[in-house]
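Asks: Could you have a look at this structure, given as structure tokens, before my questions?
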Amino acid sequence: MHSKNLWYVTLIVLLIALTTGLTQAQDDATIQLSGGPGDPQSIDPQQGINMRDWYLLNLLFPGLVSLDEESNQLEPGFVSSWEVSEDGLTTTFHLLEGIPWVRYNAETGEVEQVMDDMGNPRIVTAHDVVYGFRRALHPETGTFSAFMLAPLVAGGEAFNAGESDGSDLGVQAIDDFTFSVTAPISVGYALPLYSLMSARPSPAWAIEEFGNRWIEPENIQTFGPYALKDWVHEDSMTFVRNPHWPGSDGYAQARAAEIVFRFLDQGVSLREYEAGNLDTVSVPTDQIPRLKADPELSQELTLSPGACSFVLGFHTNKAPFDNVHIRRAFSYAIDRELFVDTVLQGAGIPARWITPPSIYLAPTPETDPDVGIAYDPMKADEELAAGLDSLGLASVDELPPITVYFRDSENENTRAQFFQVIWEDELGIRVELAPQDVTTYWSRAIEDAGPIHFAGWCPDYNDANNFLRDQYLSGGQYNYGKYASAAFDDLVNAAQAESDADTRRELYRQAENQIVVDDAAIVPISWGVVPTLTKLNLTRTFVPSSLQAFWKWEKTSE
Amino acid sequence: MTKFIVRRLSWMILVLLVVSIITFIFMHAVPGGPFTLERPLPPATLEQLQIRYGLHLSLPEQYINYMTNLIVPVVTRGRLDPASRSDYLINFPLPFSDELVFRWMDFGPSYKSTTRTVNDIFRENLPLSAQLGLQASIFAIALGLPLGVIAALRRNTFYDYFGMGIAIFGVSIPVIISAPILQYVIGVQLGWLPLSGWGKPSQMILPVVTLGFSQSAVIARVTRASMLQVLNEDFVRTAHAKGLRERQVVVGHVLKNALIPVVTVIGPMLAFLITGSFIVETIFAIPGMGRFFVVSLFGRDYSVIMGSILLLATLVVLANTLVDVAYAWLDPRIRYY
């Protein structure tokens with residue numbers, strides 16, 4: 001039979017392939033990482049949208065300043081120093097002189113300096129910084145994070161809305177290496193915002209020459225600790241050490257010669273790690289029990305604090321959650337410890353307020369044991385009774401049907417089922433679950449959020465302001481539950497205008513109490529913990545946000 | 001026959017038109033759009049983005065723009081570099097001038113990438129899916145067909161039970177279960193093969209086997225059923241009676257006639273395998289086309305949705321046409337008018 005011959009051919013092919021597969025070697029100088037499935041949206045500073053875009057382009061385009069993950073202190077990025085004017089409005093940065101723009105030359109295999117038309121090396125100047133700010137705020141760029149930067153640059157909001165030509169924009173190159181930016185208001189968190197991804201220096205000449213394709217490896221020009229060596233779309237990205245980067249406190253010179261990000265799904269990443277092909281991976285929570293039980297892998301497992309928070313939001317205009325007692329009852333009824341132990345397998349910290357303690361100026365469990373809300377079945381019953389009483393209802397059966405909205409994923413389904421059981425046990429109220437696909441969920445959250453909806457937040461910059469004022473100010477665009485409280489607004493507005501850190505910390509403490517206890521508009525559930533496996537021969541740091549300081553990482557041969 | 005093929009292909013144009021309209025209406029009917037993100041964009045930014053991509057126009061206008069870019073060929077002047085190449089799927093320089101380029105089929109930009117268009121995705125990612133799909137199809141046929149034939153010829157013996165046992169196993173274990181298990185056992189525990197990626201032959205074995213095995217099970221079952229039916233036909237007895245050897249009877253008479261249902265199954269299977277499998281490509285990290293079918297739906301990446309559905313529809317129609325042509329060869333009684 002012919003098909004029999006085919007069989008043999010297939011077998012032989014399989015055997016040949018098998019033997020070629022066995023000759024693979026690992027390179028010590030290269031750190032192998034997983035970057036999640038699929039291509040990043042963009043590594044253009046002004047076009048990047050999500051955390052992954054940001055941590056990738058952070059290797060190529062350092063910020064003015066950066067926050068040290070251990071000391072929580074601001075450190076210089078590509079500047080030597082900066083000063084703030086007495087009125088607190090103008091910040092002047094002195095750039096490191098002579099940082100060259102570089103590109104990777106695939107023919108020589110070297111990172112080389114970029115020359116201008118006259119044959120002189122191009123260096124990073126204040127004009128490049130101005131260009132980055134302007135491009136970020138230009139309405140036609142469509143920069144996602146422009147709305148955060150615009151209020152802190154004089155004339156920025158009008159320019160970003162297309163109402164002015166930007167000639168009065170408060171950014172200025174005083175000379176080639178002195179950059180100043182002027183804000184219309186003085187706020188305590190301006191520096192981290194001036195280092196936002198979209199406010200990074202960008203090579204105007206390359207963007208003009210190559211258009212959207214300027215970020216392809218053959219076109220891109222960068223200046224940070226690493227340069228882009230290769231980008232196989234949908235497959236991987238390779239970064240190579242930039243020997244021309246001088247190094248600064250915030251962005252040291254790179255240690256590892258190369259870093260490869262493979263675009264892998266989480267399940268594959270873990271298996272690749274176990275096969276020895278990745279040096280560090282984040283781990284799905286359902287794998288934690290197995291890893292803890294494994295004598296070898298448990299040595300490599302780290303649970304490090306994250307920067308994200310998971311909360312539930314109430315729609316404060318929708319019955320029955322227009323009643324503060326009902327909201328409090330639902331919040332007091334949740335045993336956060338149980339949630340973290342069972343649903344999150346320990347990969348979380350039970351939250352009593354919104355802002356994770358790892359965030360600058362957030363309350364911490366050690367210093368603020370009395371702030372926030374926690375599981376309290378007695379209070380839950382009292383508040384429920386008070387709520388029913390004020391609504392004139394005899395029992396919970398007379399409450400309108402309650403639906404919980406969340407994104408349809410395995411993780412969120414498990415979480416939702418947990419809350420469903422808890423509320424039925426504690427309050428005797430049966431809620432309906434409504435999973436939705438992710439885009440439907442967000443478009444609904446924006447237009448007409450559900451009575452209870454899952455919410456979470458990962459910081460855009462490291463300051464409690466980002467979790468509180470940016471999200472829950474009355475009328476804010478992320479305030480899905482239409483929370484409106486004059487008391488809360490006053491606290492976060494006062495904190496924004498205050499420059500003294502201790503006063504701000506106290507104001508945020510009060511604001512947290514206002515929103516999660518007094519008004520109970522938000523139910524804090526857990527603060528993120530990132531479970532990570534790391535090979536013992538990789539030295540790495542853990543930054544709570546995913547903006548890892550990859551340049552500090554190093555692999556040693558065993 | 002030629003007339004038949006020409007007629008089928010002209011029908012295809014109508015089918016594609018209807019498919020494109022239905023897809024377009026449905027994808028705009030679901031809530032949200034390509035710029036619906038976890039953090040909503042400010043109105044001014046959103047408006048700029050919508051203008052840039054023509055999403056501020058009415059739906060009929062958007063549809064007409066899309067179809068015009070797709071159907072109408074253009075001739076442009078200028079050097080053909082990677083940047084301009086990505087604007088159209090088909091680009092070739094015209095012979096009578098250095099500068100003129102004939103360009104056709106613009107499937108539009110991907111809203112989820114600032115550098116790549118759907119044309120790039122077709123050019124760079126589709127071939128990988130096609131490689132995987134073709135290899136998996138060959139594997140599926142090479143395994144499924146003999147299994148089915150043997151099971152039919154040795155009906156109710158150990159061979160039959162064994163073959164059909166494998167088939168039932170293949171049909172019942174979804175790829176999403178079998179792929180990670182294979183990966184873990186063969187890649188991690190035994191270390192025989194690389195777990196993921198695409199390019200080296202060793203990287204191809206696991207995904208091809210995973211994808212092919214589940215399909216071979218279908219082929220084996222159909223082949224067996226069809227063979228059993230044909231074995232009872234009068235002409236098989238005649239063939240035996242006129243003294244043909246067993247092998248000639250089985251291959252020349254039984255199998256050939258039994259193939260009609262099998263070919264009917266294989267045709268569309270081929271079309272689906274070539275356009276990629278989301279699960280297999282995700283688990284084995286193959287940068288193919290399959291991911292885009294699913295990711296584009298969730299991300300409301302309109303032009304990728306349109307492009308991938310039109311691609312799939314084209315291949316299904318073509319595959320079915322090939323199947324019809326194959327009927328005529330397998331069974332000369334079938335005629336086309």
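Asks: Name the one entry in A:ASP235, A:ASP230, A:ASP249 that is within 14 Å of chain B (Cβ to nearest Cβ) and touching a Ser or Thr at 6+ places or on another chain (Cβ under 9 Å).
Replies: Checking each option against the conditions leaves just A:ASP230.
Asks: Sticking with this one: Check every one of the helices (runs of 4 or more DSSP H) wholly within the stretch B:79-165 and list those with 2 or more residues that are modelled with pLDDT under 90.
Replies: So the answer is B:82-85.
Asks: Still on this structure, I have one more. Looking at the stretch B:14-51 only, could you name the residues that are within 7 Å of another protein chain (Cβ to nearest Cβ) and more than 30 Å from B:VAL316 (Cα to Cα)?
Replies: B:THR36, B:LEU37, B:GLU38, B:ARG39, B:PRO40, B:LEU41, B:PRO42, B:ALA44, B:THR45, B:GLN48, B:LEU49
Asks: A further question follows. Please name all residue pairs, on different chains or six or more residues apart, with Cβ atoms under 6 Å, provided the first residue is in the stretch B:47-60 and is assigned to a helix (DSSP H, G or I) and the second residue is not basic (Lys, Arg).
Replies: Within 6 Å, the pairs are B:GLN48/A:PRO139; B:GLN48/A:GLU140; B:GLN48/A:GLY142; B:LEU49/A:GLY142; B:LEU49/B:PHE35; B:GLN50/B:HIS56; B:LEU59/B:HIS28.
Asks: A further question follows. Considering only helices (runs of 4 or more DSSP H) fully contained in the stretch B:212-313, which possess at least 3 residues that are under 22 Å from B:PRO109 (Cβ atoms)?
Replies: Numbers: elements: B:234-241, B:256-274, B:278-283, B:290-299.
Fully inside the stretch B:212-313 and qualifying: B:290-299.
Asks: Quick check, is A:ASN479 open to solvent by less than 20 Å² (accessible area, probe 1.4 Å) and either outside any helix (DSSP H, G or I) or within 27 Å of A:ARG509 (Cα to Cα) (or both)?
Replies: On the way: open to solvent by less than 20 Å² (accessible area, probe 1.4 Å): yes; either outside any helix (DSSP H, G or I) or within 27 Å of A:ARG509 (Cα to Cα) (or both): yes.
So A:ASN479 passes the test.
Asks: Picking from A:LEU312, A:LEU361, A:LEU291, which residue would you name as being touching a residue at least 12 places away in the same chain (Cβ under 8 Å), open to solvent by less than 10 Å² (accessible area, probe 1.4 Å) and on the phi > 0 side of the Ramachandran plot? Quick ask: steps written out before the conclusion?
Replies: Working: A:LEU312 fails: on the phi > 0 side of the Ramachandran plot; A:LEU291 fails: on the phi > 0 side of the Ramachandran plot.
The unique qualifying residue is A:LEU361.
Asks: Now a separate question. Looking at (1) part of a loop (DSSP other than H, G, I, E, B); (2) at pLDDT below 95, which is the one condition that is false for A:ILE373?
Replies: Status for A:ILE373: all satisfied but (2).
Asks: I'm trying to understand the selection: among the residues of the stretch B:110-140, which are open to solvent by 20 Å² or more (accessible area, probe 1.4 Å), within 14 Å of chain A (Cβ to nearest Cβ) and touching a helix residue (DSSP H, G or I) at 6+ places or on another chain (Cβ under 6 Å)?
Replies: B:LYS112, B:THR114, B:GLN135, B:PHE139
Asks: I would also like to ask the following. For the stretch A:220-232, state whether one or more residues are small (Gly, Ala, Ser), assigned to a loop (DSSP other than H, G, I, E, B) and either in contact with a Pro (Cβ under 6 Å, 6 or more places away or on another chain) or surrounded by fewer than 22 Cβ atoms within 10 Å (Cβ to Cβ) (or both).
Replies: Yes; the residues of the stretch A:220-232 include at least one that is small (Gly, Ala, Ser), assigned to a loop (DSSP other than H, G, I, E, B) and either in contact with a Pro (Cβ under 6 Å, 6 or more places away or on another chain) or surrounded by fewer than 22 Cβ atoms within 10 Å (Cβ to Cβ) (or both).
Asks: While we're looking at this one, here's another question. In the stretch B:54-76, what count of residues is obtained for those that are open to solvent by less than 60 Å² (accessible area, probe 1.4 Å) and either of a type in the set (A, V, I, L, M) or within 29 Å of the chain's Cα centre (by Cα) (or both)?
Replies: Residues flagged as open to solvent by less than 60 Å² (accessible area, probe 1.4 Å) and either of a type in the set (A, V, I, L, M) or within 29 Å of the chain's Cα centre (by Cα) (or both) within the stretch B:54-76 amount to 8.
Asks: I would also like to ask the following. Just a yes or no: is a residue in the stretch B:277-294 closer than 30 Å to B:ALA258 by Cα and either within 14 Å of another protein chain (Cβ to nearest Cβ) or open to solvent by 30 Å² or more (accessible area, probe 1.4 Å) (or both)?
Replies: Within the stretch B:277-294 (the criterion being closer than 30 Å to B:ALA258 by Cα and either within 14 Å of another protein chain (Cβ to nearest Cβ) or open to solvent by 30 Å² or more (accessible area, probe 1.4 Å) (or both)), the answer is yes, since at least one residue qualifies.
Asks: Filter the stretch B:56-88 for residues that are in contact with a helix residue (DSSP H, G or I) (Cβ under 6 Å, 6 or more places away or on another chain), within 14 Å of another protein chain (Cβ to nearest Cβ) and not aliphatic (A, V, I, L, M) and give the result.
Replies: Correct list: B:HIS56, B:SER86.
Asks: Residues of the stretch A:152-192 being within 14 Å of another protein chain (Cβ to nearest Cβ) and part of a helix (DSSP H, G or I), which ones?
Replies: A:GLY156, A:GLU157, A:ALA158, A:PHE159, A:ASN160
Asks: What are the pairs with Cβ atoms under 7 angstrom where one residue, in the stretch A:56-71, is in contact (Cβ under 8 Å) with a residue 60 or more places away in the chain and the other, located anywhere, is among the basic types (Lys, Arg) and surrounded by 22 or more Cβ atoms within 10 Å (Cβ to Cβ)? Sequence gap at least six, or different chains.
Replies: Partner pairs satisfying both residue conditions: A:PHE61/A:ARG200; A:GLY63/A:ARG200.
Asks: Also: Take the stretch A:241-262 and flag every residue that is closer than 17 Å to A:VAL114 by Cα, open to solvent by less than 20 Å² (accessible area, probe 1.4 Å) and part of a strand (DSSP E or B).
Replies: None - no residue of the stretch A:241-262 is closer than 17 Å to A:VAL114 by Cα, open to solvent by less than 20 Å² (accessible area, probe 1.4 Å) and part of a strand (DSSP E or B), so the list stays empty.
Asks: Turning to a different aspect of this structure: Any chance the stretch B:243-256 includes a residue that's away from every other protein chain (no Cβ under 13 Å) and either among the polar types (S, T, N, Q) or in contact (Cβ under 8 Å) with a residue 24 or more places away in the chain (or both)?
Replies: No, that holds for no residue.
Asks: Residues in the stretch A:295-309 that are open to solvent by 50 Å² or more (accessible area, probe 1.4 Å) and not in a strand (DSSP E or B): how many?
Replies: Looking only at that region, the number is 3.
Asks: Can you find even one residue in the stretch A:547-558 that is open to solvent by 40 Å² or more (accessible area, probe 1.4 Å) and among the aromatic types (Phe, Trp, Tyr)?
Replies: Among the residues of the stretch A:547-558, not one is open to solvent by 40 Å² or more (accessible area, probe 1.4 Å) and among the aromatic types (Phe, Trp, Tyr), which makes the answer no.
Asks: Give the stretch A:212-237 a look and list any residue that's among the polar types (S, T, N, Q) and under 27 Å from A:GLU75 (Cβ atoms), or say none.
Replies: Within the stretch A:212-237, A:GLN221, A:THR222 meet the criteria.
Asks: Follow-up question, since we're still on this one. So for the stretch A:381-389 (the condition being among the aliphatic types (A, V, I, L, M) and surrounded by fewer than 20 Cβ atoms within 10 Å (Cβ to Cβ)), does at least one residue qualify?
Replies: Yes, the stretch A:381-389 has at least one match.
Asks: Taking the stated definitions as given, is B:PRO93 free of Cβ contacts under 8 Å to residues at least 24 places away in the same chain, within 14 Å of chain A (Cβ to nearest Cβ) and surrounded by fewer than 21 Cβ atoms within 10 Å (Cβ to Cβ)?
Replies: For B:PRO93, the condition - free of Cβ contacts under 8 Å to residues at least 24 places away in the same chain, within 14 Å of chain A (Cβ to nearest Cβ) and surrounded by fewer than 21 Cβ atoms within 10 Å (Cβ to Cβ) - is not met.
Asks: Could you list, in sequence order, all residues of the stretch A:193-219 that are part of a helix (DSSP H, G or I), over 19 Å from A:ARG122 (Cα atoms) and within 11 Å of chain B (Cβ to nearest Cβ)?
Replies: A:GLY211, A:ASN212, A:ARG213
Asks: Another question about this same structure. Filter the stretch B:3-46 down to residues that are over 32 Å from the mean Cα position of the chain (by Cα) and part of a loop (DSSP other than H, G, I, E, B) and give me whichever is nearest to B:THR321 (Cα to Cα).
Replies: B:GLU38
Asks: Further question: If you take the residues of the stretch B:166-194 that are out of contact with any Gly (no Cβ under 8 Å at 6 or more places or on another chain), open to solvent by less than 70 Å² (accessible area, probe 1.4 Å) and not in a helix (DSSP H, G or I), which of them is farthest from B:ASN257 (Cα to Cα)?
Replies: It comes out as B:GLY191.
Asks: Show the residue pairs that are 6+ apart or on different chains and have beta-carbon atoms under 6 Å apart, the first residue being within the stretch A:165-181 and on the phi > 0 side of the Ramachandran plot, the second being surrounded by 16 or more Cβ atoms within 10 Å (Cβ to Cβ).
Replies: Correct list of pairs: A:GLY166/A:PHE159.
Asks: For the stretch A:277-288, state whether one or more residues are assigned to a strand (DSSP E or B) and over 23 Å from the mean Cα position of the chain (by Cα).
Replies: No: the stretch A:277-288 contains no residue that is assigned to a strand (DSSP E or B) and over 23 Å from the mean Cα position of the chain (by Cα).
Asks: So which of A:LEU264, A:LEU303 ends up being hydrophobic (A, V, I, L, M, F, W, C) and within 14 Å of chain B (Cβ to nearest Cβ)?
Replies: A:LEU264
The values are calculated or read from the model by the stated rules, or taken from the named source; none is laboratory data. As the structure is a computational prediction, the values presented were derived from the model and not from experiment. In this analysis, Cβ positions are derived from the backbone assuming ideal geometry, glycine residues included, and neighbour counts consider all displayed protein chains. Ligands, DNA and RNA are excluded from the accessible area calculation, which covers all protein heavy atoms including side chains. Shrake-Rupley method; radii C 1.70, N 1.55, O 1.52, S 1.80 Å.
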